[in-house]
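Shown next, in structure tokens, is the structure this report addresses.
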Amino acid sequence: MAAALLANVLYSTGFVLEKRALGTLPEVSVRRPARLLRLVVSSPLWIAGSVALAAGFGAQLLVYRTLPIAAAQGIFVSGLVLLVLLSSRLLGEETSGRERYALAAILLALLMVVLSLDETGDTVSRGAPYPLVLLVCVPSLAAGVWLYRSAERNAGHRHRLPTTGVEYGVAVGLLYGVSSLAIKGVSGYLTASGLGGAIVDVLRSPYPYLLLFTGAFGLVMSQAALQRCRASLIVPVCTTVTSLYTAVLGTLAFGEALPSDPLRLALRIAGTCLAVTVLLTMPKHDTAPQPPMGAKELTPP
């Protein structure tokens, strides 16, 4: 529990610091990844945010050793409240009434998932069949990249309305969901005797290579999206997709059984359906442009 709450603080702080740093940089684009990386690593504030996020991943690794996947996701998503508060205080972002209701519904949905947990009956799995992991992860990665490219094409339309970033959040959330499953997989090897043997076993698994892919693509995609959209909306969407993806597919892939009690099972299914419904009904466009805080004005080509 302590590691999960620490991960929440680190994730929220990291995203807000990166968003604030991106607001002072020229516009970045996934079409020029080398330039994007060169710009962000030149910002000490962005580096501080990245260090916080990396520490959050480390805390997440500890959580997966002791909690079932679904339980861990329910705790992680509770950090959305802190994220919205920090975005309001440090970034000056304001959420609409409809968006606040949507965030409250998301928290309610994930509370239902948490209430569906059984401390005595839930087990923590240590591994999953590699073919099953790849069957789940590879199509998800393809879907995330395709959805992001589709959002980019729509954003390029001359007369488009300013986007809230829901599509970007879903796309990046799919990549981070795969990353979360890979972290869960790596955590299973930490119980092996001897660090050397554990490292060899990890390198023989698909998990480090999934982490490399999601790390590289997720970094470029998330920074471009975070610069042009509000952190108070895109990060909750991304986090919700990641959590639902990990809780549902991770539970199946790693063989952590669903609740046998009908009430607990109903809570888990209803909570998942509510969160998905909220995501599908969230507004796709802002009513007014939301330029990145402090971003330099650029003349369109």
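Please treat every number below as a calculation from the coordinates, not as lab data. Everything numeric in this text was worked out from a predicted model, so none of it was measured. Positions of Cβ are generated from backbone atoms using ideal geometry, with glycine treated the same way; all protein chains shown enter the neighbour counts.
Applied to the stretch 48-54, the Karplus parametrisation 6.51 cos²θ - 1.76 cosθ + 1.60 on θ = phi - 60° returns per-residue 3J(HN,Hα) values of 4, x, 5, 5, 4, 5, 4 Hz, with x for Gly and Pro.
Across the stretch 2-281, the fraction of Cα-Cα pairs farther apart than 24 Å, rounded to a whole number, is 49%.
Net charge within 12 Å of residue 249 by Cβ-Cβ distance, Lys/Arg positive one each and Asp/Glu negative one each, not counting residue 249 itself?
Taking every other residue near residue 249 into account, the sum is 0.
Electrostatic tally near residue 33: other residues with Cβ closer than 15 Å to its Cβ, Lys and Arg +1, Asp and Glu -1, net +3.
Return the Rg/Rh value of the stretch 17-150, two decimal places, where both radii are evaluated on C-alpha atoms and Rh is the Kirkwood radius. Ratio of gyration radius to Kirkwood radius: 1.01.
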